[in-house]
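The values are calculated or read from the model by the stated rules, or taken from the named source; none is laboratory data. What you see is a predicted model; the values in this text were computed from it and never measured. Cβ sites come from the backbone with ideal geometry, for glycine too, and all protein chains shown count toward neighbours.
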Amino acid sequence: MPIALLTDFGLQDSYVGVMKGVIATLARTAQLIDLTHNLPPQDLYAARFTLLSAHPYMPPGTIYLVVVDPGVGTQRRAVAVQTSRGTFVGPDNGVLSGAWEHDSQENQGILNAVELTNRAYWRSLNPSTTFHGRDIFAPVAAHLDNGVSMASLGTRIDPQSLINLPLQAPIATATGWTGAVQYIDRFGNAATTIPASAVPSGDWTVTLGDRTLPGGQTYGDVLPEQGLALVGSHGFVELAVNQGSARQQFGLAMGDRVELTLPSPAPCDPGATPEG
């Protein structure tokens, strides 16, 4: 099965290459997929969303190596989490939570979770306090690719104890839905927590602060530099500007509240005669 890597290491330094070298040493036939290494440094929410939106397109059984770890070397747990779609290896700081939340909606959620306490599967008995990606997570991913069982990696833990990042869940209202910005991409498009299933077939709008954006289907539905809301490829309502940046034009930030307003039902004419 492939090993998909997701980090905030960038490509200027050797960190990504070193992790791949550790994997290649232990699992020479492993197939590696780079989801991205250009996440904003230490941005747990960006890592969570990237994993959530990318992992449904990976082969079932993929091993995910996720290293966005501002708490490296502290008492935060190193974990492996297995769902019906794959196994996720990384720090227990919330970066993995989007994947199992998605899987709990689509399938059975978490099947197994362990804390990585068995040092026999680490690269070193005394790992660096600043590079667990090299010394713990990469070797564990390689051993999983070699067929090592989850039970061998450490101590089983209660899935309910895993860290989830606080995020405004979408809430149905009398006029539509409320949600929040959960990710902003390099184009300045802002993905909200409101799912595509909330979008009606007719007219709709999204309000953020004192601005109201029309709902559309493509960026080209409005003129250049004009804003709109639409369903992004990730399956959530997205705020965008045609040939521009919604982040810059609207001053958007993670967690900003948004409201989706559904079309009002046509008023009933009391004098009308019912058909039939």
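The residue that is farthest from GLY209 (Cα to Cα), counting only those in region 230-250 that are polar (S, T, N, Q) and out of contact with any Phe, Trp or Tyr (no Cβ under 7 Å at 6 or more places or on another chain), is SER233.
Of the residues making up region 163-179, those that are surrounded by 19 or more Cβ atoms within 10 Å (Cβ to Cβ) and either of a type in the set (Gly, Ala, Ser) or within 30 Å of TRP122 (Cα to Cα) (or both) are GLY176, GLY179.
GLY179 passes every criterion in (1) farther than 22 Å from PRO56 by Cα; (2) modelled with pLDDT of 95 or more; (3) out of contact with any Pro (no Cβ under 6 Å at 6 or more places or on another chain) apart from (3). Each residue in region 114-147 was checked for being among the aromatic types (Phe, Trp, Tyr) and free of Cβ contacts under 8 Å to residues at least 24 places away in the same chain, and 1 pass.
Going by the structure shown, is ILE163 closer than 30 Å to ALA27 by Cα and under 16 Å from the mean Cα position of the chain (by Cα)?
So ILE163 passes the test.
Within region 24-42, the set of residues being among the charged types (D, E, K, R) and not in a loop (DSSP other than H, G, I, E, B) comprises ASP34 only.
For region 69-77, indicate whether the set of residues that are in contact with a helix residue (DSSP H, G or I) (Cβ under 6 Å, 6 or more places away or on another chain), farther than 24 Å from ALA191 by Cβ, surrounded by 14 or more Cβ atoms within 10 Å (Cβ to Cβ) and in contact (Cβ under 8 Å) with a residue 40 or more places away in the chain is non-empty. Within region 69-77, one or more residues are in contact with a helix residue (DSSP H, G or I) (Cβ under 6 Å, 6 or more places away or on another chain), farther than 24 Å from ALA191 by Cβ, surrounded by 14 or more Cβ atoms within 10 Å (Cβ to Cβ) and in contact (Cβ under 8 Å) with a residue 40 or more places away in the chain.
For region 210-252, what are the residues that are assigned to a loop (DSSP other than H, G, I, E, B) and surrounded by fewer than 16 Cβ atoms within 10 Å (Cβ to Cβ)?
Across region 210-252, the qualifying residues are ASP210, GLN217, THR218, LEU223, PRO224, GLU225, SER233, GLY235, GLN243, GLY251.
Being within 23 Å of GLU101 (Cβ to Cβ) and at pLDDT below 95 is a property that THR173 has.
Within region 172-187, being in a strand (DSSP E or B) and in contact with a strand residue (DSSP E or B) (Cβ under 8 Å, 6 or more places away or on another chain) holds for GLY176, TRP177, THR178, GLY179, ALA180, VAL181, GLN182, TYR183, ILE184. Within the set of pairs 6+ apart or on separate chains, which have a first residue in region 28-56 that is not assigned by TED's automatic domain parsing to the domain that holds GLY94, a second that is among the aromatic types (Phe, Trp, Tyr) and surrounded by fewer than 22 Cβ atoms within 10 Å (Cβ to Cβ), and C-beta atoms under 6 Å apart? Final answer for the pair search is none.
Within region 188-206, is even one residue in a strand (DSSP E or B), in contact with a His (Cβ under 9 Å, 6 or more places away or on another chain) and modelled with pLDDT of 95 or more? Yes: region 188-206 contains one or more residues that are in a strand (DSSP E or B), in contact with a His (Cβ under 9 Å, 6 or more places away or on another chain) and modelled with pLDDT of 95 or more. For region 67-94, the tally of residues that are over 13 Å from LEU52 (Cβ atoms), of a type outside the set (A, V, I, L, M, F, W, C) and not in a strand (DSSP E or B) stands at 11.
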